[in-house]
Amino acid sequence: MPPRRADASPTQPMQRNPPAKTVPLPGTYPTAARLLVVDDEPQIREFIARALTAAGYAIDFAGSGKEGLSQATAGDYDLVILDLVMPDMDGREILARLRRDRPDQAVLVLSCLADVTTKVDCLELGAQDYLTKPFSLAELLARVRVRLRDDGHPLNEVLRAGELVLDFGRLEASIGQGPVPLTRLEFLLLRELMEHVGQSVPKGQLLASVWGYDFDPGSNVVDVCVRRLRSKLGFDLIKTVRGEGYQLTA
């Protein structure tokens, strides 16, 4: 189906709640990636839309939390860019609902809230990245490319390390006792360890690959996620290498 068009001209302001549309700009070549931008501020939506469409992405919009949740649940998006502070629905509630209904949906949070507690809450709720406002377009585009690259695995792909099997399509792991569902963060962390099986992976590397390169290195989110994986798959599966990081022993 051909892409739907939307006006993003600087001389023609965007409506507060525009319909979901795609904006191919002259000289650009749309990629297969389809993104949803959920933000109640028209200026922010326009700012992001022009940058992402210029980079060749197909963009849909939602001007409220409820509209964004409806589109994200019903649609098929490679990435959702989500504001947290919206008058009708808190972005964290949207994250929780997406984690329940579409656990494989990639989400990048874009918010004026810069405190570590909010960042950790969002990442634990399933967000893949967190970028604070104000932000640079160059950094936003770089993070979008990283998130889309992370999701570039075929849905039928599996990764094996000894008896441990990781299913990319189902976000499940099995170690000989049946499949175990994982959250997206648990999946990404386990994948990183499996790709370096038998090696010590520094916590900084895990933070960079799973939570985003500038996330607070003093945070304990890696330790929390490892504890959850151990409780699901066995405490001997992941070894703590004191002063270094973690090592998969499968």
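Where strands (runs of 3 or more DSSP E) fall entirely within segment 35-141, those with at least 2 residues that are within 16 Å of the chain's Cα centre (by Cα) are at 79-82, 107-111, 129-132.
Look at segment 72-89: where a residue is in the same structural domain as Gln105 (by TED's automatic domain parsing) and within 17 Å of Cys112 (Cβ to Cβ) and a partner is of a type in the set (S, T, N, Q) and in a strand (DSSP E or B), sitting 6+ places away or on another chain with Cβ atoms under 8 Å, you get Asp83/Ser111; Leu84/Ser111; Val85/Ser111.
Checking Leu95, Leu69, Leu36 one by one, the residue that is closer than 29 Å to Gly169 by Cα, in contact (Cβ under 8 Å) with a residue 24 or more places away in the chain and in contact with a Phe, Trp or Tyr (Cβ under 7 Å, 6 or more places away or on another chain) is Leu36 and no other.
Helices (runs of 4 or more DSSP H) fully within segment 154-250 that include at least 2 residues being out of contact with any Ser or Thr (no Cβ under 6 Å at 6 or more places or on another chain), surrounded by fewer than 20 Cβ atoms within 10 Å (Cβ to Cβ) and at pLDDT 85 or above: 184-194, 221-233.
Looking for something in contact with a Leu (Cβ under 8 Å, 6 or more places away or on another chain), under 22 Å from Ile59 (Cα atoms) and at pLDDT 85 or above - is there at least one such residue anywhere in segment 118-128? Yes. Against the numbered list (1) of a type outside the set (Lys, Arg); (2) surrounded by 18 or more Cβ atoms within 10 Å (Cβ to Cβ); (3) closer than 15 Å to Val38 by Cβ, Cys112 comes up short only at (2).
The values are calculated or read from the model by the stated rules, or taken from the named source; none is laboratory data. Computed from a prediction, not measured in an experiment: that's the story for all the values here. With ideal geometry, Cβ positions are generated from the backbone for all residues, glycine too; neighbour counts draw on all protein chains shown.
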